[in-house]
Amino acid sequence: MFLWGGATAASQYEGGFSVKEGMDTQDCRPYLPRNNNATVQTRLLTKKVIEESKQEKNELYYPFRVGTKGYEHVKEDLELLKELGIQVYRFSLSWTRLFPKGIENEPNQEGVHYYDQIFDFCNKNKIKIFLTMNHYAVPLYLVEQYGGWTNRDMVQYYLNFAEFVFKRWGQSVDYWLPFNEINAGFFSPYNGTGLIKPDKEDYSTQKVFESLHHQFVANAKTIQLAKKLNVPGKFGAMISCFCYYPLTPKPEDNFKLVKEEQINQWFCSDVLMRGKYPYYMESFFKNHEVDLKITEEDTQLLSNYPCDFISFSYYSSSVVTTEEAEKTAGNLVVTTKNPYLEASEWGWQIDPIGLRTTLNKVYDRYNCPVIISENGFGAKDTLENNQVHDPYRIDYFDSHFKEIMKAKELDNVDVGAYIAWGIIDIVSAGSCEMDKRYGVVYVDGDNEGNGTYKRYKKDSFYWYQKFIQSHNKM
Ligand code: BG6
């Protein structure tokens with residue numbers, strides 16, 4: 001059975017900051033009007049950024065504290081998802097909404113009730129749940145006191161959080177994802193792991209890999225705990241995929257591609273799916289003077305508790321070359337322009353065949369069920385007479401869905417679900433903007449938090465609804 005779904009992430013959607021009681025790393029990121037590198041700037045977590053974000057007189061706007069006001073609109077939004085007809089809803093938990101500092105023994109009941117509504121609604125309406133336990137946001141207390149995931153103690157704090165989640169909602173979840181896009185911890189380290197960028201020197205590669213290693217251990221221990229508590233549901237790994245092409249047939253371009261793909265795309269999923277560090281990391285660590293303290297117990301855990309399925313985000317493809325060439329943006333990365341492709345206003349290159357290629361490559365590598373946990377088109381929309389006409393998004397869906405079908409039916413890839421990103425408009429994670437929308441439901445809010453935050457169905461809502469109705473028995 002194939003599932004068609006939609007997704008949101010806590011920090012980008014919920015808001016409800018005043019009742020949360022604790023801050024996380026996303027709450028510290030201000031909206032900065034876009035210039036060429038705004039996407040990168042707003043992702044840099046520094047001590048200065050954190051201090052500024054705590055000042056009451058600060059005039060900057062912090063969009064992740066508002067999200068798209070899901071906390072207030074959740075009932076209405078869930079009804080919209082039901083009307084849309086999605087078969088699986090991917091959402092994430094805000095760690096700080098449940099455990100404000102990340103160290104408490106008892107959760108914040110306000111947060112528990114908020115999530116109860118979502119689990120209950122989905123269960124009652126037979127919408128399967130794909131739960132992201134942690135989507136980038138790390139409790140700020142853990143970052144400031146412990147250094148975030150650079151510290152091994154994080155594993156235990158994460159497990160305490162996981163244990164509560166398993167005991168409260170464990171029976172309701174079909175697909176578990178301990179970490180969103182775990183490979184972002186390498187190429188965008190100040191985003192996902194709570195690593196603070198030093199003021200002067202660049203980040204320490206050692207710290208980046210220590211953080212990732214601690215997340216790998218937490219991932220394995222979470223699966224171990226779930227088994228101990230008889231939690232049903234499958235556990236997945238998720239990576240951000242880039243579908244690399246060499247710019248030319250020059251052997252050097254192709255070899256560079258192989259190395260980029262290994263480190264940016266495959267490394268984390270190789271560890272989580274295969275249960276051990278891949279051979280190519282040995283020389284990488286040697287060349288970058290990384291010395292990890294991998295204990296015998298860690299090695300056993302990774303090997304004994306690999307993930308059951310692989311999932312990935314895919315928005316656009318990338319190009320690799322050893323030469324100087326024109327650049328463009330991609331998901332959390334900068335890449336080389338592909339002369340054969342069009343791009344979104346944000347420079348992300350639109351490539352439906354890249355999705356089919358990625359499905360084949362991922363399935364070929366891990367030979368287990370594959371889920372497309374994120375895909376969609378970030379674009380500006382205009383609300384006029386209570387309507388949003390978004391043919392560009394419909395085209396994007398249509399062309400990508402056709403390639404999924406080909407991967408499934410012609411290539412025999414075991415692909416189990418497609419989850420459309422930001423199904424209800426949410427704040428962009430990369431650029432902190434509201435302008436960059438993915439939803440089939442429009443939310444009337446702007447980059448600086450002005451607006452009614454009322455919901456409107458876009459043309460793509462009706463298109464996706466009809467599509468699901470005619471493909472719900474796949
Ligand atoms: C993924 C993230 O990297 O890409 C999401 O998991 C994010 O949180 C999505 O929203 C799209 O990126 P952006 O920057 O357009 O929001």
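A simple rule links phi to the HN-Hα coupling: the Karplus curve 6.51 cos²θ - 1.76 cosθ + 1.60 with θ = phi - 60°, which for the range 122-137 gives 5, 4, 5, 9, 6, 9, 5, 10, 10, 9, 8, 6, 9, 10, 6, 6 Hz, with x for Gly and Pro.
Could you please rank Asp77, Asp435, placing first whichever residue has the fewest other Cβ atoms within 10 Å of its Cβ?
Details: Asp77 22, Asp435 16.
Going from sparsest to densest Cβ surroundings: Asp435, Asp77.
Each Cα pair under 8 Å and six or more residues apart adds its sequence gap; the mean of these over the residue count of the chain is a relative contact order of 18 percent.
Taking the Cα centre of the range 3-472 as origin, work out the dipole magnitude from +1 charges on Lys and Arg Cβ and -1 charges on Asp and Glu Cβ, in debye rounded to 20. Mind showing how you got there, number by number?
Numbers: 52 positive and 63 negative charges, 162 e Å.
So the magnitude is around 780 debye.
Phi-derived couplings, Karplus 6.51 cos²θ - 1.76 cosθ + 1.60 at θ = phi - 60°, listed residue by residue for the range 330-336: x, 5, 6, 9, 10, 9, 9 Hz, with x used for Gly and Pro. Both radii were evaluated on the Cα set of the range 149-265; the Rg over Rh quotient, with Rh as the Kirkwood radius, amounts to 1.08. Calculated translational diffusion coefficient of the chain (37 °C, 0.692 mPa s; Stokes-Einstein with Kirkwood radius over alpha-carbon pairs) equals 147 µm²/s.
Distance from the alpha carbon centroid of the range 229-297 to that of the range 58-106 works out to 31 angstrom. When Val443, Val334 are arranged by Cβ crowding within 10 Å, least crowded first, meaning fewest neighbours, the order is Val334, Val443.
At full extension, Tyr456 and Asn412 could sit 12.1 nm farther apart than now, given 0.36 nm per residue minus the alpha carbon distance.
How do Ile353, Ile223 line up, fewest other C-beta atoms within 10 Å first? Walk me through the intermediate numbers first.
Numbers: Ile353 15, Ile223 22.
Final ranking by Cβ density, sparse to dense: Ile353, Ile223.
Only one residue of Leu301, Gln265, Phe285 has its Cα farthest out toward the positive end of the dipole of the range 256-311, where Lys and Arg carry +1 and Asp and Glu -1 on Cβ, and that residue is Gln265. Shown in residue order for the range 290-305 are the 3J(HN,Hα) couplings computed by the Karplus curve 6.51 cos²θ - 1.76 cosθ + 1.60 at θ = phi - 60°: 9, 10, 8, 8, 9, 7, 4, 5, 4, 4, 5, 4, 4, 6, 7, 10 Hz (x for Gly and Pro).
Where both bridge residues fall in the chain, DSSP classifies roughly 25% of the beta bridges as antiparallel.
In the range 36-137, what GluC sites (Glu not before Pro) fall in a loop by DSSP, with at most 15 other Cβ atoms inside 10 Å? Can you show the working numbers first?
Values: sites: Glu51, Glu52, Glu56, Glu59, Glu72, Glu76, Glu79, Glu83, Glu104, Glu110; in loops: Glu56, Glu59, Glu104.
Qualifying residues, ordered by number: Glu56, Glu59.
Entry for the range 346-458 at q = 0.18, 0.20 Å⁻¹: log10 I(q)/I(0) = -0.90, -1.02, Debye formula applied to identical alpha-carbon scatterers, no solvent contribution.
Please identify the trypsin sites (Lys or Arg not before Pro) of the range 186-260 that satisfy two criteria: DSSP loop assignment and at most 12 other Cβ atoms within 10 Å. Which are they? Don't jump to the answer; show the numbers that get you there.
Numbers: sites: Lys200, Lys207, Lys221, Lys227, Lys228, Lys234, Lys256, Lys259; in loops: Lys200.
For trypsin sites (Lys or Arg not before Pro) across the range 186-260 that sit outside H, G, I, E and B with at most 12 neighbouring Cβ atoms in 10 Å, the list reads Lys200.
In this simple spin-label model, placing a label point 7 Å from the Cα along the Cα-to-Cβ direction at both Lys259 and Glu326 gives a separation of 2.7 nm. Taking the DSSP beta bridges with both ends in the range 304-401, the antiparallel portion is around 60 percent.
Once amide H atoms are built 1.01 Å from N in the peptide plane, which residues 5 or more positions from Ser311, or in another chain, come under 5 Å H to H? When sequence neighbours closer than 5 places are left aside, the close amide H contacts are Ala237, Met238, Ile239, Ile371. Lys293 label point, 7 Å along Cα→Cβ, cut-off 20 Å on backbone N: hits in the range 143-177? Hits in the range 143-177 for Lys293 at 20 Å: 143-159.
Any read-out appearing in this document is the output of simple, stated calculations on the displayed coordinates, not a laboratory observation. It should be emphasised that the depicted structure is a prediction, and the values quoted were computed from it without experimental measurement. Note that each Cβ is placed from the backbone with ideal geometry, even for glycine, and that neighbours are counted across all protein chains shown.
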